[in-house]
1. Restricting attention to the range 251-270, which residues are open to solvent by 60 Å² or more (accessible area, probe 1.4 Å) and touching a Leu at 6+ places or on another chain (Cβ under 9 Å)?
2. From the list 217, 206, which residue is more than 19 Å from the chain's Cα centre (by Cα) and either in a strand (DSSP E or B) or not β-branched (Val, Ile, Thr) (or both)?
3. Can you find a residue that is within 30 Å of residue 193 (Cα to Cα), open to solvent by 10 Å² or more (accessible area, probe 1.4 Å), in contact (Cβ under 8 Å) with a residue 24 or more places away in the chain and part of a strand (DSSP E or B) anywhere in the range 117-124?
4. Is there a residue in the range 269-290 that is closer than 15 Å to residue 234 by Cα and over 23 Å from the mean Cα position of the chain (by Cα)?
5. Being among the small types (Gly, Ala, Ser), farther than 22 Å from residue 169 by Cα and in a strand (DSSP E or B) is true for just one of 79, 97. Which residue is that?
6. Within the range 220-254, track down each residue that is outside any strand (DSSP E or B) and touching a residue at least 40 places away in the same chain (Cβ under 8 Å).
7. For the range 311-322, name all the residues that are assigned to a loop (DSSP other than H, G, I, E, B) and over 15 Å from residue 285 (Cβ atoms).
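The values are calculated or read from the model by the stated rules, or taken from the named source; none is laboratory data. All of these numbers come straight from a predicted model, not from anything done at the bench. Neighbour counts run over all protein chains shown; Cβ positions are idealised from the backbone, glycine included. Heads up: the accessible areas ignore ligands, DNA and RNA and are worked out on the full protein's heavy atoms, side chains in. Shrake-Rupley method; radii C 1.70, N 1.55, O 1.52, S 1.80 Å.
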Amino acid sequence: MPSFQRAALLLSLAWLTACDKPAPSPASPPAPAVADTSAPAPTDAVPPKQEAASGCQSLAAWRQQGKGEFEVLMQRTEAGFQVQMQLVQGGQHVQDAVLIPADAEESITIGDEDIPEFTTICANRWFVLNLPSERGGSLIVGERLNGGLAMYQTGYESSDEDTATITWGAGMPMVSSGQPGDPWPLEPLDEKAVLAPGTGAPVELQCESRDQARGEQSLSLQLDSAGRLSRIGYFSVVPEGMSCSVDARRSGEDPQTATTWQDAPHQATIRWGEEAPDASTLVITRRDGRYTVDTRELRLSEFCGQSTEIVQSITLRPGAAQCQDLQWPDPH
């Protein structure tokens, strides 16, 4: 099985435009997106008007028609194996990345030179990279959404001789891999079901709070380029030294501990475990440009040390280093 030994893979754009010419050496990889840790995300971002289109085509054909520029960068990071997509379309540059589980990376059966052949673009909206394995594989999907590129990974099953193919039907991409129930759709994401306006690149926001009686709190929110919440990290430690830690990531999680994410306008809900009352639930809302995290439905025993108190809600205002409006349980 070919391996990804290089630190990064960058597809040569010139190579993609003329399949009958010798492939030049790949260009140097672009710098990864730098998260904005201080400035607030724009509140008046307007997504560009998308060209009305339908159908699916190869990346090479899409490039030859002059519809834009598209690059893929794959690399190992401290967080896991990352697939990054960079797109220039309609004068706008957008980029984002998704992590895939370690077992999915280790089973990939194509090499660097095969990436263009296994990339399909549908309706100028869906950018789909097929990473096949011996049986089944993973689809890395980047969908134009809210002025950004919403990325996710989904698996599929197939026999040894089959792999996924992407065609167009019912107004969306359809996936076939030689299995019962084929084809199945890559359904459009809801344009309104985002936490914030898209910025075209990932954003990270942070705040901290220190109180002599309550201890220290820190909160980190990561948004993808389409304005969806992609990761949350919350940590608290009381003066006695006991702590609470909450960490959830939309992609790349261990399937045994994976969370369920639900998106709604200006809100994201993360669930650990089964349905209530046994599940732990965290709700993040955005109002007037501020982000509030509600922890009241978390099962504290799963995230905190014994007898540790956790804030019931905490608010982050982009650009402010101090967390705001901390709400604590009523004293007993």
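1. 265, 266, 267
2. 217
3. Scanning the range 117-124, I find at least one residue that is within 30 Å of residue 193 (Cα to Cα), open to solvent by 10 Å² or more (accessible area, probe 1.4 Å), in contact (Cβ under 8 Å) with a residue 24 or more places away in the chain and part of a strand (DSSP E or B), so the answer is yes.
4. No, there is no match, as no residue in the range 269-290 is closer than 15 Å to residue 234 by Cα and over 23 Å from the mean Cα position of the chain (by Cα).
5. Just one listed residue meets the conditions, 97.
6. Passing the criteria: 224, 225, 226, 227, 228, 238, 242, 250, 251, 252, 253, 254.
7. Matches in the range 311-322: 311, 319, 320, 321.
For (1) at negative phi; (2) crowded, with 21+ Cβ neighbours inside 10 Å, each residue gets a yes or a no:
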| site | (1), (2) |
| --- | --- |
| 91 | no, no |
| 128 | yes, yes |
| 131 | yes, yes |
| 158 | yes, no |
